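Chemist: The structure follows.
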Amino acid sequence: MVLRSIRYGEADRVLHLYSRERGRIGAMAKGVRRVKSRFGGRLEPLFRVDLIAHEGRGDLVTVTSAETVDAHPSLRERRAALERATQACDAVLRLLDSQEPNRAAYNLLCHELQLLDRDPAAATRGQALAFRLKLLLAAGFAPELAACASCGEREHLGAFSASAGGVVCPGCEAGSFGMGEEAHSFMVKALGRPLAELPTASERALGQADRAIAETMEYHAHVRLRRVA
């Protein structure tokens, strides 16, 4: 999956890729910006492609062949879907910087872009938050939602603490912020359901879930992403 494309020199591009077999890959696509480039438009962000690349001594592989698997053409026709897809790719780019493969994260990104491409109604704030929450799970940073992250208490979980690692009870709520039952329920259901089966929630609940996800990502993965609007 092409996450990002950066102009380099007069005709080349540096690509940030995420692959099923090798995780993050940096690549150089030489001459791709020329009118008669053999790659055409197949190396644009949000494209899913089959690549052949030469691996030299440097950090970047050199793309020698590219075939489109899914161009997600409808994304570029709908601003909301394009913004959500770009946010998803940016989250993967910043959260998963390892060359170790993470098939769960790769498959999640593929499903997210397919959903946004095929369903105009999918580009919502709640759906974007569900993707980030599932990405945290794939990366090993999912918050504890079933019991107090500090003491294991399963009742009266009305607050969230990123430093503790999830929801907390009244006795362990130092340094936390209040989280209502609706926001807690949204996060539990978002983790347990497929991306296409999004639970509904009010803007207040989504705001609390957004804060919990953002603070978890920042505290445990040291990644700060723009909040989901």
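Chemist: Restricting to the stretch 186-229, what's the tally of residues that are in a loop (DSSP other than H, G, I, E, B) and surrounded by 16 or more Cβ atoms within 10 Å (Cβ to Cβ)?
Modeler: Within the stretch 186-229, residues that are in a loop (DSSP other than H, G, I, E, B) and surrounded by 16 or more Cβ atoms within 10 Å (Cβ to Cβ) number 7.
Chemist: Same structure, new question: Determine which single condition C151 fails, assuming it passes every other condition in (1) of a type outside the set (K, R); (2) more than 23 Å from the chain's Cα centre (by Cα); (3) not in a loop (DSSP other than H, G, I, E, B).
Modeler: (3)
Chemist: Additional query: Is there any pair linking a residue in the stretch 108-133 that is closer than 19 Å to G192 by Cα to one that is of a type in the set (D, E), with Cβ under 6 Å and at least six apart or on different chains, and which?
Modeler: From the stretch 108-133, the pairs are L129/D210; F131/E112.
Chemist: All but one of (1) surrounded by 20 or more Cβ atoms within 10 Å (Cβ to Cβ); (2) in contact with a Lys or Arg (Cβ under 6 Å, 6 or more places away or on another chain); (3) of a type outside the set (D, E, K, R); (4) in a loop (DSSP other than H, G, I, E, B) hold for L116; state the number of the condition that does not hold.
Modeler: Answer for L116: the failing condition is (4).
Chemist: Go through S65, S161 for me and flag whichever is in contact with a strand residue (DSSP E or B) (Cβ under 7 Å, 6 or more places away or on another chain), modelled with pLDDT under 95 and hydroxyl-bearing (S, T, Y).
Modeler: Selected residue: S65, the only one of S65, S161 that is in contact with a strand residue (DSSP E or B) (Cβ under 7 Å, 6 or more places away or on another chain), modelled with pLDDT under 95 and hydroxyl-bearing (S, T, Y).
Chemist: Six or more apart or on different chains, Cβ atoms under 6 Å: show the pairs whose first residue is in the stretch 171-184 and more than 13 Å from I213 (Cβ to Cβ) and whose second is modelled with pLDDT of 95 or more and of a type in the set (S, T, N, Q).
Modeler: Final answer for the pair search is C172/S150; G175/S161; G175/S163; S176/S161.
Chemist: Go through the residues of the stretch 120-141 one by one and say whether even a single one is over 30 Å from S74 (Cα atoms), crowded, with 16+ Cβ neighbours inside 10 Å and at pLDDT 95 or above.
Modeler: Yes: one or more hits.
Chemist: Got a number for residues in the stretch 96-113 being modelled with pLDDT under 95 and assigned to a helix (DSSP H, G or I)?
Modeler: Final tally of qualifying residues: 0.
Chemist: Please enumerate the residues belonging to the stretch 158-178 that are of a type in the set (A, V, I, L, M, F, W, C), assigned to a loop (DSSP other than H, G, I, E, B) and over 14 Å from A146 (Cα atoms).
Modeler: If the condition is that a residue be of a type in the set (A, V, I, L, M, F, W, C), assigned to a loop (DSSP other than H, G, I, E, B) and over 14 Å from A146 (Cα atoms), then A162, A174 are the ones that fit.
Chemist: Anything in the stretch 75-95 that is touching an Asp or Glu at 6+ places or on another chain (Cβ under 7 Å) and at pLDDT below 95? List them, or say none.
Modeler: If the condition is that a residue be touching an Asp or Glu at 6+ places or on another chain (Cβ under 7 Å) and at pLDDT below 95, then L75 is the only one that fits.
The values are calculated or read from the model by the stated rules, or taken from the named source; none is laboratory data. Small disclaimer: the values here were computed from a predicted structure and weren't measured. Please note: Cβ atoms are built from the backbone with ideal geometry, for glycine as well, and neighbour counts cover all protein chains shown.
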